[in-house]
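Data block below; observations after.
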């Protein structure tokens, strides 16, 4: 299943709570893109995101499948800055999408179906990939990133 949101939303649009939809697809707001369920896929330019608080400040953390093959967690600040916090390091690998498989593993694939990175979380508990209130990405119950500071 493809995500309804494609591309990186501008910080001002996110802060205003606006919605942006891909051509021919239903639009969704940020609250609807806070997690991936088993069987869902993010393609290049697609992401999940969640508002987080840190030291009294609010930020948007975005877990993005980039066109260059890298899966990256970004922290987006209120003045438009965007800080990378974690990445798979798979840019240039040919990866085009990341799938949360029914076995609980999050895997980056090329268009030919070759796996280039995996979270090694198969058969673990949990049913979503999501960002918690501190900005940590979880695959099921397994944290795969630290917090953005």
> So what does log10 I(q)/I(0) come out to for region 37-142 at q = 0.12, 0.14, 0.17 Å⁻¹, using the Debye formula with one equal point on every Cα and no solvent?
Replying inline: -0.39, -0.53, -0.76
> Which ordering of 134, 50 is given by a fewest-first count of other beta-carbon atoms within 10 Å?
Replying inline: 134, 50
>> Over region 29-82, what is the relative contact order in percent, taking alpha-carbon pairs closer than 8 angstrom and at least six residues apart?
In response: 26 percent
> Between residue 134 and residue 114, 0.36 nm times their residue separation minus their Cα-Cα distance comes to what?
Replying inline: 3.9 nm
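Any read-out appearing in this document is the output of simple, stated calculations on the displayed coordinates, not a laboratory observation. As the structure is a prediction and not an experimental result, all values here were calculated from the model. Here Cβ is always computed from backbone atoms with ideal geometry, including for glycine, and neighbour counts include all displayed protein chains.
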